[in-house]
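A short write-up of the structure that comes next.
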Amino acid sequence: MHNPNRVTLYREVNHRIRYYKLSLMLNLFGEYIFLKEYGSIKAKRATRTIVEYFKNYQEAQIAFEQTLFAKLKRGYSKIKEKNDDTVYRFRTH
């Protein structure tokens, strides 16, 4: 099953595969958490984990989409899963 609020992106740099995970979730206090985690696929732990808190879903979703599109521009790509028909498009404001 596809979860639009959780994405893992991959990119090859100097013959090493890097990953970037983006997650959007709700905590017990009613805040939305935007979690960014990245590193080398060979490492046991993430190189860095960044947590951002938002009071409403709209702000969190905008931050999620902006980060997603920035990473896609930098060369990261999503490995297509079975039954995943998601198409990412850039927003124009």
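Readers should treat all values here as calculations from the given coordinates under stated rules, not as data from a laboratory. Computed from a prediction, not measured in an experiment: that's the story for all the values here. Glycine gets a Cβ as well: all are built from the backbone with ideal geometry, and neighbour counts include every protein chain shown.
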| message | Assuming 0.36 nm per residue, please report the length gained on full extension of the stretch Leu35 to Tyr57 beyond their Cα-Cα distance. | response | 6.5 nm
| note | Phi angles of segment 37-53, converted by Karplus (6.51 cos²θ - 1.76 cosθ + 1.60, θ = phi - 60°) into ³J(HN,Hα) in whole Hz with x for Gly and Pro, give 9, 8, x, 8, 5, 7, 6, 6, 10, 5, 5, 8, 10, 10, 10, 10, 10
| message | Which lysines, if any, have their Cα less than 25 Å from the Cα of Lys73, not counting same-chain residues under 8 positions apart? | response | Lys21, Lys36, Lys42, Lys82
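Counting other Cβ atoms within 10 Å, keep those with at most 15, restrict to DSSP loop, and tell me which GluC sites (Glu not before Pro) in segment 5-48 are left. If you can, show how the numbers build up before the last one.
Details: sites: Glu12, Glu31, Glu37; in loops: Glu31.
Answer by residue number: Glu31.
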| note | Checked segment 6-78 with the C-alpha gyration tensor, a ≥ b ≥ c its square-rooted eigenvalues, rounded below a/c of 1.5, otherwise prolate if a/b is larger than b/c and oblate if not; verdict oblate
